[in-house]
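The values are calculated or read from the model by the stated rules, or taken from the named source; none is laboratory data. Just so it is clear, the structure is predicted and the values come from calculations on it, not from any experiment. Here the Cβ positions follow ideal geometry from the backbone for every residue, glycine too, while neighbour counts run over all protein chains shown. The accessibility values were calculated without ligands, DNA or RNA, using every heavy atom of the protein model including side chains. Shrake-Rupley method; radii C 1.70, N 1.55, O 1.52, S 1.80 Å.
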Amino acid sequence: MADETTPLLQLDGITQVFRTRRGDVRAVDNVSLNLGVGEVLCLVGQSGSGKSTSAKIASGLLKPTDGEVRFEGASIFGRGRSHSATFKGFRRAVQYVHQDPYASLNPIQDVFTTLSAPLRRHRLVKSRAEARERVSELLAQVGLTPAETFLPKFPHQMSGGQRQRVAVARALTLEPRLIIADEATSMLDVSIRIGLLSMLTKLRKDLGVGFLFITHDLAMAKYFGREGDIAVMHQGRIVEYGPTLEVISNPQDAYTQALLEAVPEPDPDLAKRKREIRLGVRSSSHRGTPAA
Ligand SMILES: Nc1ncnc2c1ncn2[C@@H]1O[C@H](COP(=O)(O)OP(=O)(O)OP(=O)(O)O)[C@@H](O)[C@H]1O
Ligand SMILES: [Mg+2]
């Protein structure tokens, strides 16, 4: 049974091998991660490093070749009848927000329909009036006010940032305990991105929702994940894992250092630190990668 010390999500020795015509692709190789209740974990790495594959496994969309996924202490890929109830609860408790809200929102559904359909399907509201009230509340939570302006809008009538906020509001309809955001802010320009990230941070704190935040951009991870952990992925493996600010201020792995060098740094102290790292003048303390 889960108690306060049980992690929300645990990936334990996850490996994913894809069989292709050109041979086997080891997309994820023995990855172990932990995320606590209401906490944030950023998974960073360049294109093809295995982030989305890990995210799909964490959200139950893909069964790994090897390893275990536990949600609130229970294995989600187990067998038997008791497991199918666990899996059902898990699928509701974990919501996935995609990179492109255009691909995840139905173009012929207005905002009210998009948000009220899951509420009705799961009998979380009893009447249209109640649905309207709850939908307005959800819109306020994602910063789309006044709600009346947004209720009748279709995806093409909104900006990219507004569409992504609707996608987040839809993820919130079933009161999830974990949101997996896979490059959810990558398509937005910087000012809108920051607004969305602040909104997600507020949701995390107000609602206690955990976040697995996936990005190729270390600057984004630093911004959104500063109160949590960061895991750096390279060629299917975790090469560095630890508290975000520690990893960023004192990266131990050459790949993390290379990623950091690609980030423009407005903070002169950190810019100096990065120069020192480049010149090899850095502390030799070792943080290492996590145990399984
Ligand atoms: N269904 C699949 N079949 C075969 N190979 C796959 C499949 N899905 C992913 N891969 C391969 O696995 C590796 C990891 O892919 P993944 O999508 O997890 O990377 P990513 O880190 O999310 O990249 P990006 O930043 O571009 O989204 C890549 O080499 C990819 O080509
Ligand atoms: Mg991806």
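How would segment 131-217 be classified by its alpha-carbon gyration tensor: rounded, prolate or oblate, with rounded meaning a/c under 1.5 and the a/b versus b/c comparison settling the rest?
On the way: a/c = 1.92, a/b = 1.19, b/c = 1.62.
The shape class here is oblate.
Only helical runs count toward this figure. For the chain, summing -39,500 (n - 2.57) over DSSP H runs of n ≥ 4 and dividing by all residues gives -11500 deg cm²/dmol at 222 nm. Among the protein heavy atoms of the chain, carbon and sulfur supply 50% of the accessible surface, probe 1.4 Å, non-protein parts ignored.
Note on the chain: GNM, Cα springs under 10 Å; of Ile194, Ile14, Ile57, the largest mean-square fluctuation is that of Ile194. Taking every C-alpha pair closer than 8 Å and separated by at least 6 residues, the mean separation divided by the residue count of the chain gives a relative contact order of 24 percent.
The GNM of the chain, with springs linking C-alpha atoms under 10 angstrom apart, assigns the highest mean-square fluctuation among Ala58, Ala129, Ala254 to Ala129. Once all protein chains are placed together, Asp100 keeps about 50 Å² accessible to a 1.4 angstrom probe.
Can you work out the accessible area per residue across the chain, with the rest of the protein chains kept in place, probe 1.4 Å, in square angstrom? Walk me through the numbers on the way to the answer.
Values: 14740 Å² over 292 residues.
Here the residues of the chain average 50 Å² of exposed surface.
At most 10 other C-beta atoms within 10 Å and a DSSP loop state: those are the exposed trypsin sites (Lys or Arg not before Pro) I care about. Give me the longest piece of the chain that has none.
Working: sites that count: Arg21, Arg22, Arg79, Arg123, Lys126.
Longest site-free region, per DSSP loop and neighbour criteria: 127-292.
Counted without the sites themselves, the longest stretch of the chain free of GluC sites (Glu not before Pro) in a DSSP loop having at most 16 other beta carbon atoms within 10 Å is 5-226. Rounded to the nearest 5, the antiparallel percentage of DSSP beta bridges internal to the chain is 55%.
Around the Cα centre of the chain, unit charges on the Cβ atoms of Lys, Arg, Asp and Glu (plus for the first two, minus for the last two) sum to a dipole of about 960 debye.
For segment 166-228 and segment 31-106, write down the distance between their C-alpha centroids in whole Å. Using only Cα atoms to place each centre, the spacing works out to 16 Å.
With Cβ to Cβ distances under 12 Å as the rule, what net charge do the other residues near Leu105 carry (K, R +1; D, E -1)?
Numbers: positive: Lys153, Arg163, Arg165, Arg170; negative: Asp100, Asp110.
Cβ neighbours under 12 Å give a net charge of +2.
Computed over segment 122-191, relative contact order equals 29 percent, with contacts defined as Cα pairs under 8 Å that lie 6+ residues apart.
Pairs Lys51/Lys202; Lys63/Lys126; Lys153/Lys205; Lys63/Lys202: which exceed 27 Å Cα-Cα?
Details: Lys51/Lys202 24 Å; Lys63/Lys126 36 Å; Lys153/Lys205 29 Å; Lys63/Lys202 32 Å.
Pairs exceeding 27 Å: Lys63/Lys126; Lys153/Lys205; Lys63/Lys202.
The relative contact order of segment 28-185 comes to 29 percent, based on Cα pairs under 8 Å that sit 6 or more residues apart. Comparing Leu212, Leu203, Leu35 in a Gaussian network model of the chain (Cα springs below 10 Å), the most mobile by mean-square fluctuation is Leu203.
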